[in-house]
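Peer 1: If you scroll down you'll find the structure; I have some questions about it.
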Amino acid sequence: MAHHARRQCCRARVMNSGTDADAPAPYYALGPDDVLDALEQLGFPCDGRLLELNSYENRVYQVGLEDAEPVVVKFYRPGRWSDAAIQEEHSFSRELADRDVPVIAPLDVQGGSLHHHGGFRLAVYPRRGGRAPELDRADHRVWLGRFLGRLHAVGAVAPFRHRPRLELAQGREAVDYVLANDLVPGFLMEAYRSTVDDLMDRLARVWDRGSQVPWIRLHGDCHPGNILWTDAGPHFVDLDDALSGPPIQDLWMLLSGDRQEMTLQLSDILEGYEDFFEFDPVQLHLVEALRTLRIIRHATWLARRWDDPAFPKAFPWFGEPRFWEDHVLSLREQAALLDEPPLIL
């Protein structure tokens, strides 16, 4: 009876915090009881405590256990990845962890790491805390560089077979989706269309110059929010976007500010990085190209996910004309940056 009461309390907390339990696809069928039932069927004695963590693409929860540390369970967005692609992500995580690269790999439970429950696929992870890295500190940047150099040294050992490859065509596909769905306000349509057409031509020229390095297995989404820092150093908590691409893809998102500031930041990162993996400077041609590609794809990502109630709540400004005005302005700024020479080490 006490266990049932804890579940009812948990359900009320999660629903009041904005869960999608009663919302349309893709997570309408995933409620608090489903999360707890899935874990209990895997042998985890849940105590009823359930905390929804900050995640949009997937649903991620911290779940309390009886007489044990909490675990984190990730429910994958239906239809996004194949089972083989998820398994390959898990295998890469374990390969990194086995070589003492600090990533959080999923737990092997009942003979595997990928599980199914109620139409969803899920994985269970140990809970690991931490704080955001202080990227204004040179010692943190050098440490992150060592970390990423080790990650890339492992990533270069073998290729992905089921994970995606970073391609310039993904930018054109994103633009075509926006245009086909009339997402841009009419008064901005011509400005958007001419800007992205010009950008795609510029990106093609830059891409040819900078993509001569071998593509390797990468984290893929190496922004500071995916890095947790402790006194023992940094660790990654999410390889959901792992892909094949140029190594600079895992470095450029750690750079910010003006040209001089980014040059200093990159110099510190590479000081640690090149202790473990060689960096080919030809990749520097791709920094602003990759930033541009991300800006283009981000708008389409929001549009594709708009029927998920978590997105209008988290990004209410996306539905406003001002978003597209700012988006076009950002793209024009990127066009100017693509005309500048690459960073020089």
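Peer 1: Scan the range 77-85 and tell me whether some residue there is in contact with a Leu (Cβ under 9 Å, 6 or more places away or on another chain) and surrounded by 21 or more Cβ atoms within 10 Å (Cβ to Cβ). Please lay out each step first, then the result.
Peer 2: If we filter the range 77-85 for residues that are in contact with a Leu (Cβ under 9 Å, 6 or more places away or on another chain), which is where we start, we get 83.
Checking the rest, the ones that are also surrounded by 21 or more Cβ atoms within 10 Å (Cβ to Cβ) come to none.
No, that holds for no residue.
Peer 1: Next up: Restricting attention to the range 237-254, which residues are surrounded by 22 or more Cβ atoms within 10 Å (Cβ to Cβ), hydrophobic (A, V, I, L, M, F, W, C) and either more than 16 Å from the chain's Cα centre (by Cα) or closer than 17 Å to ASN54 by Cα (or both)?
Peer 2: LEU239
Peer 1: Condition first: more than 30 Å from PHE323 (Cα to Cα), in a loop (DSSP other than H, G, I, E, B) and polar (S, T, N, Q). Can you find one or more residues in the range 193-211 that meet it? First the steps, then the outcome.
Peer 2: Just the residues of the range 193-211 that are more than 30 Å from PHE323 (Cα to Cα), to begin with: 208-211.
Remaining after also requiring in a loop (DSSP other than H, G, I, E, B): 211.
Filter once more, keeping what is polar (S, T, N, Q): 211.
Yes, the range 193-211 contains at least one residue that is more than 30 Å from PHE323 (Cα to Cα), in a loop (DSSP other than H, G, I, E, B) and polar (S, T, N, Q).
Peer 1: A further question follows. Just the residues that are closer than 17 Å to TYR273 by Cα and in a loop (DSSP other than H, G, I, E, B), please, taken from the range 128-159.
Peer 2: Answer for the range 128-159, where residues must be closer than 17 Å to TYR273 by Cα and in a loop (DSSP other than H, G, I, E, B): PRO133, LEU135, ARG137, ALA156, VAL157.
Peer 1: Can you name every residue in the range 21-64 that is among the aliphatic types (A, V, I, L, M), surrounded by 15 or more Cβ atoms within 10 Å (Cβ to Cβ) and in contact with a strand residue (DSSP E or B) (Cβ under 7 Å, 6 or more places away or on another chain)?
Peer 2: Selection gives LEU30, VAL35, LEU36, ALA38, LEU39, LEU42, LEU50, LEU51, VAL60, VAL63.
Peer 1: Failed condition for ARG131, given (1) among the charged types (D, E, K, R); (2) closer than 19 Å to LEU53 by Cβ; (3) modelled with pLDDT of 95 or more; (4) surrounded by fewer than 18 Cβ atoms within 10 Å (Cβ to Cβ), with all others met?
Peer 2: (3)
Peer 1: I would also like to ask the following. Name the single residue, out of those in the range 197-235 being of a type in the set (S, T, N, Q) and surrounded by 15 or more Cβ atoms within 10 Å (Cβ to Cβ), that is nearest to the chain's Cα centre (by Cα).
Peer 2: Applying the first criterion (of a type in the set (S, T, N, Q)) to the range 197-235 yields 211-212, 226, 230.
Next cut, surrounded by 15 or more Cβ atoms within 10 Å (Cβ to Cβ) only: 211, 226.
Numbers: SER211: 22, ASN226: 7 Å.
The extreme case among them is ASN226.
Peer 1: When you check ARG322 against the structure, is it surrounded by fewer than 18 Cβ atoms within 10 Å (Cβ to Cβ), touching a Ser or Thr at 6+ places or on another chain (Cβ under 9 Å), assigned to a helix (DSSP H, G or I) and assigned by TED's automatic domain parsing to the domain that holds TRP207, yes or no?
Peer 2: Criteria not met by ARG322.
Peer 1: Moving on. Tally up the residues in the range 178-196 that are over 19 Å from GLN334 (Cα atoms) and surrounded by fewer than 16 Cβ atoms within 10 Å (Cβ to Cβ), please.
Peer 2: 7
Peer 1: (1) out of contact with any helix residue (DSSP H, G or I) (no Cβ under 8 Å at 6 or more places or on another chain); (2) at pLDDT below 95; (3) over 29 Å from GLY319 (Cα atoms): which one isn't true of VAL237, the others all being true?
Peer 2: Going through the list (1) out of contact with any helix residue (DSSP H, G or I) (no Cβ under 8 Å at 6 or more places or on another chain); (2) at pLDDT below 95; (3) over 29 Å from GLY319 (Cα atoms), VAL237 breaks only (1).
Peer 1: Another question, then. Is the range 283-302 home to any residue that is at pLDDT below 95, farther than 30 Å from ALA97 by Cα and out of contact with any Asp or Glu (no Cβ under 6 Å at 6 or more places or on another chain)?
Peer 2: yes
The values are calculated or read from the model by the stated rules, or taken from the named source; none is laboratory data. Here the structure is a predicted model, which is why all the values come from computation and not from measurement. Neighbour counts are summed over all protein chains in view; Cβ atoms, including those assigned to glycine, are modelled from backbone coordinates with ideal geometry.
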